[in-house]
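The values are calculated or read from the model by the stated rules, or taken from the named source; none is laboratory data. On a predicted model such as this, the values are computed, not experimentally measured, just so you know. Positions of Cβ are backbone-derived with ideal geometry, glycine not excepted, and every protein chain shown enters the neighbour counts.
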Amino acid sequence: MASLLWAGAMTGCGSEVRVRGAALVPLPAEVVAGDSGFTLGPATAISVPAEAAGVAEHLAFAVREATGRRPERRSGGEIRLALAAGAGAEGYELTVDDDGIVIRAQTEAGLFYGVQTLRQLLPQRADGEPVRVAGVRITDRPRFPWRGAMLDVARHFLPVAEVKRYIDLMAAYKLNVLHLHLTDDQGWRLAIEGWPELTKIGAASQVGGGPGGFYTADDYRDLVAYARARFVDIVPEIDLPGHTNAALASYGVLNCDGRRRDPYTGIEVGFSALCVGSPQTDRFVSDVIAEVARLTPGRYIHVGGDEVRELSTPAYTRFMERVQEIVGATGKRMAAWQEAGRARLLPGTVVQYWKTDEDPGVVADAVRQGAKVVMSPASRVYLDMKYDSWTHAGQDWAGMVEVADSYEWDPATLIEGVGAAAVLGVEAPLWTETVGGFDDLTYLAFPRLPAVAEVAWSPQGRRSFETFAPRLAAQAAQWKRWGINYHESPQVPWKR
Ligand code: TNX
C-alpha cells in the first residue's frame, strides 16, 4: 500500500477499468491506496444499522448519484455503515476492497462525513455501467470542531429553498456550522412573537429597496431540521446594539428620542444603535433572545456587537455584558464579533475575529478571559471580497481575495497570543450588500468555500496549495452537475 494524496486516474489491479484516484476535498488525515477495489453493479445494496438511520438516505443518494440507481437497503449489503468506538466525535474510517465498502464511525456525524468522502471517490456514471472504486483505506477526523459558513440574509433576503441549497453545498465539504446573520440595518428576517412590527416594517425591504422577506418560526424550524439532518448546526445572529436600523424603524421605543427611524436601503455601516440602558431596550433584547433560544437547539446565540460607532466604550461594554447575561439565562452561550473582547466575558464565550485591518489585540484580550475564537480573517475568508478587479459582485475593503489567499494560512498561528488551544474553528462569512441572487452567491463561494473547508478540516502539516489546486479542479465536474456558478480562478488547473 502506498500513500496517496492525489492520484489523478489510476488503473485497478488486474483490471482494465480506469478508476479515479482520491481527488478529495477536504484532504483526509490519512489516505492509503490499496491494490484491489470494488465494482458497484445493479445489485449492489447498502447496509445501515437502525441506530444510523439518519445517514441511510444520504448513502442511498450518494450511490444513486454515481450509478443512476437507488440501491436496496438490507443487512449484508456490500456498502456497509457500522457504528464502532474509536474514530472520535466526527471521525470515520472508510475502506474499499474486493469485498465491498465499509464506513466505520463512532457517531452518525462520522458516518455522514464518511459518506461525503465516498461521494467524491465514486466516479459518476449514471448510465447503468458498473462503477469501479479504487481500493483505499482512509482514516479521518477534523482539525477543528467549528467549521462554519455565514450567510447574510439581512442585506438581501434569501428564501428558505436557497439557504437549503447552500447547506447542501456546505455539508458536501464537511462544514458543520451555518451562522445566519438574521438582522441588520436593512432588514429584520425572523418573526418574533410579541413584536410584529419587526417583520411588518423591518422585513419589508433590503439593500437597493427590493421586497425583502423574513422567516416565520416554522420556516426557521424547517431550516434547523434540514441543517440538523446534514449535521449542520445553525447559529442565529441578532446583531446588537448596532446594525439595528430595521428594528429602530419598526419600534419608536427602541430609540432614545422615541421616534421611529426611516427604513434604510444603503450599504453604510456603523450609524445605528439601540437606546442602551433603557427598560424598553432591555425587554426587547430579552424577548428576542428568549425566542431565538427557544427555536434553536444549538449551543450558541450570536449577538453581533460589531461596528458600533454611536456608543461610548463604557456604554457599549455594559450593554454587551448585559446581553451575555440574557443569553446565559436561556442556557446558551454567547458568540459575538471581536469587538466584544472589550467587555468582561465569561469563559466559553466565542469571539469571532474578522477585522484584518486592525490590531487583533482585542481578540487576545478575550482569550485571556477564557473566550474561544472563531477565525474569519476578512482578507482571507470574507467570501464577499472580490477575487480580482473583474469580479462583478463583491467588495474590496479587505483587499482582493483569490482562492490561494483563502487557503494558505494557519488558524493556530494567525494572531499572537491566540494559539491552537484557543481556536474553536474557522468560518467563511458571505455578506450580501452586493449579492442579489443565488448565482452570484455561489460564484463568490466557489471555489473559496471548499478552500476554507480544508483549512478547517485537514491537518495543517499535510496541506499545501500545490496539492490542493488539482484536487479542487477535480471538484468542478460535480459543481457543473449541481448547476452552480463558480469562479474559474487562474490559480487552479481546471480540466477542459
Ligand atoms: C463588515 S464583518 C461588517 C459587515 C459588512 C461587511 C462587508 C462585520 C462584523 N461587519 O457589516 O457587511 O464588513 O464586507
List the residue pairs whose Cβ atoms are under 8 Å apart, where the first residue sits in the range 214-241 and is farther than 22 Å from residue 172 by Cα, the second is part of a loop (DSSP other than H, G, I, E, B) and of a type in the set (Lys, Arg), and the two are 6 or more positions apart or on different chains. 214/189; 215/189
Is the range 196-210 home to any residue that is outside any helix (DSSP H, G or I), farther than 23 Å from residue 374 by Cβ, of a type outside the set (Gly, Ala, Ser) and touching a residue at least 40 places away in the same chain (Cβ under 8 Å)? yes
Can you name every one of the strands (runs of 3 or more DSSP E) wholly within the range 91-180 that holds 1 or more residues which are within 16 Å of the ligand (Cβ to nearest atom) and more than 27 Å from residue 477 (Cβ to Cβ)? 146-152
Please return the ranges of strands (runs of 3 or more DSSP E) entirely within the range 1-83 where 2 or more residues are modelled with pLDDT under 95. 9-11, 18-20, 30-40
Consider residue 294 against the criteria (1) in contact with a strand residue (DSSP E or B) (Cβ under 7 Å, 6 or more places away or on another chain); (2) surrounded by fewer than 21 Cβ atoms within 10 Å (Cβ to Cβ); (3) farther than 22 Å from residue 363 by Cβ: it satisfies all of them except one. Which criterion is unmet? (1)
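Yes/no per residue for (1) among the small types (Gly, Ala, Ser); (2) within 16 Å of the ligand (Cβ to nearest atom); (3) in contact with a Leu (Cβ under 9 Å, 6 or more places away or on another chain):
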residue: 220; (1), (2), (3): no, no, yes
residue: 230; (1), (2), (3): no, no, no
residue: 252; (1), (2), (3): yes, no, no
residue: 290; (1), (2), (3): yes, no, no
Pairs please, first residue from the range 307-323 and part of a helix (DSSP H, G or I), second anywhere and among the β-branched types (Val, Ile, Thr), Cβ atoms under 6 Å, 6+ apart in sequence or on different chains. 315/276; 316/308; 319/276; 323/303
Scan the range 423-448 and report the pairs whose first residue is touching a residue at least 12 places away in the same chain (Cβ under 8 Å) and away from the ligand (no atom under 14 Å from the Cβ) and whose second residue is in a strand (DSSP E or B) and charged (D, E, K, R), with Cβ atoms within less than 9 Å and a gap of 6+ or a chain change. 423/372; 424/372; 425/147; 425/372; 426/147
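Residue-by-condition table, conditions (1) of a type in the set (Gly, Ala, Ser); (2) within 22 Å of residue 430 (Cα to Cα); (3) in a loop (DSSP other than H, G, I, E, B):
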residue: 218; (1), (2), (3): no, no, no
residue: 222; (1), (2), (3): no, yes, no
residue: 230; (1), (2), (3): no, yes, yes
residue: 236; (1), (2), (3): no, yes, no
When the residues of the range 467-496 are filtered to those that are buried (at least 16 other Cβ atoms within 10 Å of the Cβ) and β-branched (Val, Ile, Thr), which remaining residue is farthest from the chain's Cα centre (by Cα)? 492
From the set of residues in the range 306-356 that are more than 16 Å from the ligand (Cβ to nearest atom) and small (Gly, Ala, Ser), which is surrounded by the fewest Cβ atoms within 10 Å (Cβ to Cβ)? 331
